[in-house]
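The block underneath contains the structure these notes are about, expressed in structure tokens.
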Ligand code: NAP
């Protein structure tokens, strides 16, 4: 399938590793020139070099914290008029809501709700004017099925999803789509570090905990980030203009429901 994406530009946030990296690589494989961000410059440059070597597209790097105003300004200065925006940032820490103070909530809302909203605000009118735009928000399966220890994530991401549900329907007539990609367990650094925390708490070793996690999905495994990148490409493709305000769950069937 020709996705019609060759020559387009994308801003992919939080993309030196994991799911963001997979989206950037998959878009680049379609001929999209990508601007990628992350806080750590070393891993970011290494990923940029890998994407360039694998695809030959132009890869621009912006080192900075995308959840800060300065980080967003730098990303937008490097890529002011992207055809594609992939919103992503690290997830909030797990914990017990009794210990979370206002500052913890504000940090989670900043990272996982307000940062994507401000980036959307910065680019969406340009997309409308050009008659093409694809915005993908990386959220979490917790938007559909809350994870008890990730209350900060459950709350902040649900807020973003609600906002986007409304906005996506206001911009769709201009061939601008906004959708959510909801990861279940994907084998990334984040999954490994969450597993380490859980293993320490339960006295189990990390590998057997990850194996249990894999067995718990109907697919019998955890996801490969490349599968996530491929789904991102499809949502960004020319063919996906009629997919509006949806939340696509990639979790190997773990969320048990007849529909949706
Ligand atoms: P990961 O492997 O830890 O990668 C996170 C990437 O984001 C890294 O490149 C990291 O680089 C960058 N990053 C983190 N915070 C940033 C910030 N404030 N500004 C700029 N870049 C930042 O994580 P992942 O598994 O890909 O997860 C991505 C998102 O999906 C997270 O929000 C996570 O909660 C969510 N999620 C993941 C899973 C899963 O199974 N993997 C499941 C559900 C939800 P630096 O650290 O150098 O900044």
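FYI, it's all coordinate maths here, none of it is from the lab. Nothing here was measured: the structure is a model prediction, and the numbers come from that model. For neighbour counting, all protein chains shown are included, and Cβ atoms are generated from backbone atoms with ideal geometry for every residue, glycine included.
So what's the back-of-envelope 222 nm ellipticity for the chain, counting only DSSP H runs of four-plus at -39500 (n - 2.57) apiece and dividing by all residues, rounded to 500? It would help to have the intermediate numbers written out before the result.
Details: 9 runs with 118 residues, N = 260.
Taken over the chain, the calculation gives -14500 deg cm²/dmol.
If a/c stays under 1.5 just call it rounded; otherwise compare a/b with b/c (prolate if a/b is bigger, oblate if not). Do that for the chain, with a ≥ b ≥ c from the square roots of the Cα gyration tensor eigenvalues. Before the final figure, lay out each step's value.
Working: a/c = 1.43, a/b = 1.38, b/c = 1.03.
Rounded shape, in that the Cα axes give a/c under 1.5.
Semi-axes of the equivalent ellipsoid for region 157-260, please: Cα gyration tensor eigenvalues, times 5, square-rooted, ordered largest first, whole Å. It would help to have the intermediate numbers written out before the result.
On the way: eigenvalues 206, 40, 31 Å².
Taking √(5λ) for each Cα gyration eigenvalue gives 32, 14, 12 Å.
For region 1-125, what class follows from the C-alpha gyration tensor (a ≥ b ≥ c being the square roots of its eigenvalues): rounded when a/c is under 1.5, otherwise prolate if a/b is larger than b/c, else oblate?
Values: a/c = 2.14, a/b = 1.77, b/c = 1.21.
It comes out prolate by the Cα gyration axes.
How tilted is helix 69-78 with respect to the longest principal axis of the chain? Cα atoms for both, answer in degrees (0 to 90, nearest 10).
40
GNM on the chain, C-alpha springs below 10 Å: top fluctuator among 181, 150, 119?
Of the options given, 150 has the highest mean-square fluctuation.
What residue among 29, 246, 170 has the largest mean-square fluctuation in a Gaussian network model of the chain, using Cα springs under 10 Å?
170
Considering only 209, 249, 182, give the residue with the highest GNM mean-square fluctuation for the chain, with springs between Cα atoms whenever their separation is below 10 Å.
Fluctuation is largest for 209.
Counting other beta carbons within 10 Å of each residue's own, what order do 106, 34, 57 fall into, fewest first?
Ordered from fewest to most neighbouring Cβ atoms within 10 Å, 106, 34, 57 come out as 106, 57, 34.
Given an 8 Å cut-off on Cα distances and at least 6 residues of separation, report the relative contact order of the chain as a percent.
Details: 485 pairs, mean separation 54.1, N = 260.
Here the relative contact order equals 21 percent.
I need the shape label for region 209-260. Rule: rounded when a/c is under 1.5, else prolate if a/b > b/c, else oblate, with a, b, c from the alpha carbon gyration tensor.
Working: a/c = 4.11, a/b = 1.76, b/c = 2.33.
Oblate is the answer for region 209-260, as a/c is 1.5 or above yet b/c matches or exceeds a/b.
For helix 41-55, report the angle its Cα long axis makes with the longest principal axis of the Cα atoms of the chain; keep it between 0 and 90° and round to the nearest 10°.
The angle comes out at about 60 degrees.
Order the peptides 9-15, 163-169, 231-237 from the highest to the lowest mean number of other Cβ atoms within 10 Å of their residues. If you can, show how the numbers build up before the last one.
Numbers: 9-15: 28.0, 163-169: 16.6, 231-237: 21.9.
The most tightly packed comes first, giving 9-15, 231-237, 163-169.
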